[in-house]
Amino acid sequence: MDAFYASVEQLDNPELKGKPIAVGGSSKRGVVAAASYEARKFGVRSAMSSVLAKRKCPELIFVKARFDRYKEISNIIRTIFFEYTDLVEPLSLDEAYLDVTQNKKGNPSATLIAREIRHRIFEETGLTASAGISINKFIAKVASDINKPNGQKTINPEEVIQFLEDLEIRKFYGVGKVTAEKMYKLGIFTGKDLKQRTLEFLDSNFGKSGSHYYHVVRGVHTSEVKPHRIPKSVGAERTFSENLSSEIFMLQRLEHIAEELERRLKKSNIAGKTITLKIKYSDFTLQTRSKTLPYFIADKVLILEMAKELLYQEQLQNSVRLLGISLANLNTEDKKTEPKEDAVYVQLKFDF
């Protein structure tokens, strides 16, 4: 979907159409959850502080998030998807992979199917969507950004290698700002540059990701579209309206986070062995502390006790603006049964 949260707000409130809006909080501690394309022209992006967003775009209008409404429309869109294929892998409320190799319409053209689905979405919701079509999930994902908004791009099998060689490295899905900078220092600016590096070179410089980069630049990505994705971790976190400098105040917040995490775990009948405490400081540096237990836990009392232990593991570097707790090494890894369809595994909470 194109700027989904912001587009929904403009759809429901016509006075916002054509104006730069940000979904999120406007306070000095606020964070942008989504930005309209009008706001993006000024450099406003999701996860940006509201203060910086306002500085970049003085005319920016802040709108409070309405996740129930976003989920309502997401369900309409997902229903459309299932009219074409049962192989639908949702990534979030506004994005999904579809495998239409064998589709319910008997249409041999994935390009035409994408066009038809986008038309259906617009007719039934009033919102625009963009699509990428290719031989695997990685290339389709990259292609989906090329003609945004309200467009689509097909990379045919015979075009894949040339497309990847010409692609700027920062546009490779999964290559973030930090990794891109590291690649630039190594003389890797395009897919062609990346392709010239050996597997050993990439492994030594990028660890486990090295093999992934080596294969995807050659058009090899074997991940299937999985209709029911079993989560690898479950977490909850909270951004605070004011920085916290005392562990006592942090323990109070961690108790609430542990309660929320327990609720999500029990909703999906999930437990985990590896607990991680996430700390974001006032200077935006991020720190994680983890511990693996010999048994599964899902109870808030045990979660809180482990979180306390991790909190006191070492001295804090600064005042804290965000705390989060997550569980990994889950008991779902060997399960054949799938989690509930409406389960939410990781959710950011902001003080709007």
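The values are calculated or read from the model by the stated rules, or taken from the named source; none is laboratory data. Being a predicted model, the structure only gives us computed values, none of them experimental. Don't worry about glycine lacking a Cβ; one is built from the backbone with ideal geometry, like all the others, and counts go over all protein chains shown.
If you go through the stretch 196-211 one residue at a time, do you hit one that is closer than 30 Å to Ser109 by Cβ and outside the structural domain of Asp94 (by TED's automatic domain parsing)? It would help to see each step written out before you state the result.
Start the filter on the stretch 196-211 by keeping residues that are closer than 30 Å to Ser109 by Cβ, which leaves none.
No, the stretch 196-211 contains no residue that is closer than 30 Å to Ser109 by Cβ and outside the structural domain of Asp94 (by TED's automatic domain parsing).
For (1) touching a helix residue (DSSP H, G or I) at 6+ places or on another chain (Cβ under 9 Å); (2) part of a loop (DSSP other than H, G, I, E, B); (3) at pLDDT below 90, each residue gets a yes or a no:
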site	(1), (2), (3)
Glu158	no, no, no
Arg170	yes, no, no
Arg197	yes, yes, no
Ser241	no, no, yes
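Every residue in the stretch 192-209 that is in contact with a Lys or Arg (Cβ under 9 Å, 6 or more places away or on another chain) and under 22 Å from Asn136 (Cα atoms), please.
Within the stretch 192-209, just Lys195 meets the criteria.
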| query | So which pairs qualify, if the first residue must be in the stretch 233-247 and closer than 20 Å to Lys28 by Cβ and touching a residue at least 60 places away in the same chain (Cβ under 8 Å), the second must be among the β-branched types (Val, Ile, Thr) and in a strand (DSSP E or B), the Cβ gap must be under 9 Å, and the two must be at least 6 apart or on different chains? | reply | Glu237/Ile325; Glu237/Val346; Thr239/Val31; Phe240/Val320; Asn243/Val320; Leu244/Val320; Ser245/Val320
| request: Provide a single number: the residues in the stretch 40-69 that are assigned to a helix (DSSP H, G or I) and farther than 13 Å from Ser26 by Cβ. | output: 5
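Would a scan of the stretch 116-128 turn up a residue that is under 21 Å from the mean Cα position of the chain (by Cα) and in a loop (DSSP other than H, G, I, E, B)?
Within the stretch 116-128, the first condition is being under 21 Å from the mean Cα position of the chain (by Cα), and the residues that meet it are 127-128.
From what is left, the residues that are in a loop (DSSP other than H, G, I, E, B) are 127-128.
The answer is yes; a qualifying residue exists.
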| task | Could you tell me which of the residues Asp68, Asp99 is modelled with pLDDT under 95, charged (D, E, K, R) and either within 23 Å of the chain's Cα centre (by Cα) or at positive phi (or both)? | result | Asp68
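Kindly establish whether Glu309 is charged (D, E, K, R), farther than 29 Å from His228 by Cβ and surrounded by 15 or more Cβ atoms within 10 Å (Cβ to Cβ).
Values: charged (D, E, K, R): yes; farther than 29 Å from His228 by Cβ: yes; surrounded by 15 or more Cβ atoms within 10 Å (Cβ to Cβ): no.
No, not satisfied.
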| How many residues are touching a Ser or Thr at 6+ places or on another chain (Cβ under 9 Å) and either in a loop (DSSP other than H, G, I, E, B) or of a type in the set (Asp, Glu) (or both) if we restrict to the stretch 88-104? | 9
| Evaluation of Val8 against (1) farther than 25 Å from Phe138 by Cα; (2) modelled with pLDDT of 95 or more; (3) exposed (fewer than 14 other Cβ atoms within 10 Å of the Cβ) (one fails), failing number | (3)
| said: For the stretch 172-195, give me each residue that is among the aliphatic types (A, V, I, L, M), under 25 Å from the mean Cα position of the chain (by Cα) and assigned to a loop (DSSP other than H, G, I, E, B). | reply: Val175
| request: Would you confirm whether any residue within the stretch 77-86 is within 29 Å of Lys280 (Cβ to Cβ) and among the hydroxyl-bearing types (Ser, Thr, Tyr)? | output: no
| Of Phe296, Phe249, which residue is over 24 Å from Ile135 (Cα atoms) and touching a Lys or Arg at 6+ places or on another chain (Cβ under 8 Å)? | Phe296
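Lys153: assigned to a helix (DSSP H, G or I), within 28 Å of Glu38 (Cα to Cα) and among the basic types (Lys, Arg), yes or no?
No; evaluated as a whole, the condition is false for this residue.
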| query | Of the residues Leu199, Leu277, Leu265, which single one is in contact (Cβ under 8 Å) with a residue 60 or more places away in the chain and either hydrophobic (A, V, I, L, M, F, W, C) or touching a strand residue (DSSP E or B) at 6+ places or on another chain (Cβ under 7 Å) (or both)? | reply | Leu265
| field | Ile230 surrounded by 15 or more Cβ atoms within 10 Å (Cβ to Cβ), at negative phi, β-branched (Val, Ile, Thr) and not in a strand (DSSP E or B) | value | yes
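Could you count how many residues in the stretch 19-39 are assigned to a loop (DSSP other than H, G, I, E, B), small (Gly, Ala, Ser) and farther than 18 Å from Arg321 by Cα? Quick ask: steps written out before the conclusion?
Initially, the stretch 19-39 is screened for residues assigned to a loop (DSSP other than H, G, I, E, B), giving 19-20, 25-30, 36.
Add one more test, that the residue is small (Gly, Ala, Ser), and what stays is 25-27, 30, 36.
From what is left, the residues that are farther than 18 Å from Arg321 by Cα are 36.
Residues that pass the stated criteria total 1.
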| note | Of the residues in the stretch 249-285 that are at pLDDT below 90 and of a type in the set (D, E, K, R), the one that is farthest from Ala236 (Cα to Cα) is Asp283
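So that you can scan it fast, the table gives a plain yes or no per residue for (1) in contact with a Lys or Arg (Cβ under 8 Å, 6 or more places away or on another chain); (2) in contact (Cβ under 8 Å) with a residue 24 or more places away in the chain; (3) over 20 Å from Met1 (Cβ atoms); (4) surrounded by fewer than 17 Cβ atoms within 10 Å (Cβ to Cβ):
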position: Gly30; (1), (2), (3), (4): no, yes, yes, no
position: Ala33; (1), (2), (3), (4): no, yes, no, no
position: Gly43; (1), (2), (3), (4): yes, no, yes, yes
position: Thr79; (1), (2), (3), (4): no, no, no, yes
position: Leu93; (1), (2), (3), (4): yes, yes, no, no
